[in-house]
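Report on the structure given below.
Read-outs: derived from the displayed coordinates by stated rules, not from any lab. Since the model is a prediction, treat every value here as computed from it, not as a measurement. Every residue, glycine among them, receives a Cβ derived from its backbone with ideal geometry; neighbour counts consider all protein chains shown.
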Amino acid sequence: MKTLSQSPTDTAFVQNPYPFYDRARAAGDLIFWEDYNRTCATTHAAVNHFLRDKNWGREVPAEFAKPIPPHIQPFMDIEAHSMLELDAPRHTRLRAQVMRAFTSRRIKSLAPEIETLANSLIDSFGPTVDLLPEFCTPIPVTIIARLIGAPEEDAHLLLDWSHKMVAMYQASRTRADEDAAASASRAFADYINDIATARKTAPKDDLITALIAELGDKLSPEELTTTCILLLNAGHEATVHAIANGAKVLLEHNAAPTDASLEETLRFDPPLHLFERHAKSDCTVFGQNFKRGDTVACLLASANRDDDVFENAAQFQPNRSPNKLVSFGAGIHFCLGAPLARLEMQIALKTLFVRCPNMKLRDQPTYADTYHFHGLTALNVRL
C-alpha cells in the first residue's frame, strides 16, 4: 500500500481536490494518506466494499475508544445517540422510527411547498445576488424545520448551531471550534427539549410529535433529542452545498437542470468527500490485512471519478446514464434524506433556471476550507 501526502487544508487542494484523488486511485484501491494518518479507499469498488460490508461499521470497538476531552463532552453526548455513528441493533431501531416521517408519500407531498418557497425567494432577487445565502440555504433549512417541527423564524439559530457542530468534522478545526461546538450542542439540546415538552401537551403534525409517541421502549429522551439535531443538521448542511455546487456546475457548463444533469452534478462535485468505517474483526481486503478496530476512510468523491465505472469520469456529462454515484453513501447507512435532498435540488434549480434564463456567474466561485465537506463560500450571479 502506497503512502501519499496531501494537506487537506492546502489552498490548491481545497479549491480542486480531484487531481489528488486521481493520483490516489492510480496508486491502488487502498492508500495511506499520511496527513490524515488514515488508510483510504480510493476506487469505486473499494469504497463500495467498505460502505456495504457488514464487518465494517460506524462504531469504534469499545476497547479502542479514545478518552473524551472534557471540553467536548457536550458534543460527544449528542454523538453517542446519533444513528449516523451507530450500527445494528441501535441504528436499525432509530432509523425505523425516523423512516415513518420520511415515507415517499410524505416527501413527494412537500413538492408544492418547495416550489412556492423557491419562487418567493426568487421574487426578492435584485439584478445581482449571492445564491448561497439567498436561495440555496433557505430552502433546505425551511423545509427540514417544517418537517421536524421547529419554528421557521428560528432558522438563524439552527444554522448557527449546525455550522458550529459540523465544524468538528473538518480538517481545519481548532480548539475554538471545539469550544463553540460544545456550547452549540448544549443550546441545541435545550432547544429541542423545550419543543418536545411543548408537544407533549400540544401535539402537531411533525416529526417531534411522532417521536414523542415512541418514547419508552423504542426511544429514549436522549435519542429523541439527538435524532432531531442530526436531522436538522444533516437535512440542510449537505443539501445547501449540493444545490450551490449543482448550480455552479450547470452554469459553468451551460447545462440545463434535468433529473439526469442534477444527478451528474452530485457525482461530479459532491458536498461530502470522506466517510469512515471501522473493522469489527480481523480481515484481509484488497490484499491488505486489517485488525479489529482499524479505520478506513472512504473517499466518496474519488470513487465518483473512477474511469473503471464512469466513462470519461473527469468530464461533466449532463445525460450520463447509468450513474452509480456514491455521494449519498451505500449500505445500511445510505442517506435516508436522499429522496428529500434530490427533490429539493430538482425543484429549486429547475425553478431557478426557468425564472432566471439569462443567469451568469459574476466571478469564479471559491470553496471554503472545510474538508471533508466541499462547499462554496459564495455563489454570486448576475441575472
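Couple of notes before you dig in:
- Net lengthening on full extension, residue 253/residue 15 (0.36 nm per residue, minus Cα-Cα): 83.9 nm
- Gaussian network model of the chain, springs between alpha carbon atoms under 10 Å - residue of 298, 283, 136 with greatest fluctuation: 283
- Convex hull volume of region 39-160 per residue (C-alpha atoms, cubic angstrom): 209 Å³
- Coil-residue trypsin sites (Lys or Arg not before Pro) of region 265-303, DSSP, other Cβ within 10 Å capped at 11: 291
- Per-q log10 I(q)/I(0), region 222-309, q = 0.11, 0.13, 0.18 Å⁻¹ (Debye; single scatterer per alpha-carbon; no solvent): -0.51, -0.66, -0.93
- One chain, two ends: residue 324 and residue 113. Fully extended at 0.36 nm per residue, the span grows by 73.0 nm beyond their Cα-Cα distance.
- DSSP finds beta bridges in the chain, and of those with both partners inside it, around 75 percent are antiparallel.
- 22 Å Cα-Cα threshold exceeded, pairs from 108/204; 66/291; 164/324: 164/324
- Over all pairs of different C-alpha atoms, region 2-382 has a mean inverse distance whose reciprocal, the Kirkwood radius, equals 21.6 Å.
- Compactness ratio for region 176-274: Cα radius of gyration over 2.2 N^0.38 Å (N = residue count) comes to 1.47.
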